[in-house]
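Visitor: One structure, pasted below without further comment.
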Amino acid sequence: MSRHFSNNSFFNSLFNSFFPKKIMPVTTMTGTDVNLGTGLSYNVKANGLSIHGNTGFEKVTIAQNVSGIKIDSSVESVTLNGVNFNQALLVSSQGNLAINSSTTGNLATLNLALNHSESLNFSNAIGYCVLIGS
């Protein structure tokens, strides 16, 4: 005997009660991948991490002397402690913004999403990165 649901909303609510959408309430780390929980902040204290945001407003603060950080476009705010703004040290290329240091090389690389604004906070300035497309 087969049963058909004529009401899709009933089926969806029943299905979602057993298999809810995955929204991570906590930050997890596997190797060098850091997956931020929804709406959480993360203080980066180690080199070479890849930071992945979530569905809320996530913030990342990069400590002094940390380098090689990769941040995806779903992180809305990045703060660089102890780094002053210098236009010459920002390099844009194919949807990425590299933030370099005159002494330690690449501090971080931001992956920018089309028409999405991200806050970039330096010790002496705040800016917004926006990748504009058609």
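What follows draws every value from the coordinates through simple rules; no lab data is involved. Predicted, not measured: the structure shown is a model, and the values here were computed from it. In this analysis, Cβ positions are derived from the backbone assuming ideal geometry, glycine residues included, and neighbour counts consider all displayed protein chains.
Visitor: Count charges around Gly95 for me, please; just the other residues with Cβ under 15 Å from its Cβ, Lys/Arg as +1, Asp/Glu as -1. Mind showing how you got there, number by number?
Guide: Numbers: positive: Lys70; negative: Asp72, Glu118.
Here the count lands on -1.
Visitor: Next up: Ratio of segment 24-130's C-alpha Rg to 2.2 N^0.38 Å, to two decimals? Write out the running numbers ahead of the final one.
Guide: Numbers: Rg = 12.7 Å, N = 107, 2.2 N^0.38 = 13.0 Å.
For segment 24-130, the normalised Cα radius of gyration comes out at 0.98.
Visitor: Taking amide hydrogens as modeled 1.01 Å from N in the peptide plane, which residues meet the under 5 Å criterion relative to Gly56, leaving out close sequence neighbours?
Guide: HN-HN under 5 Å from Gly56: Gly39.
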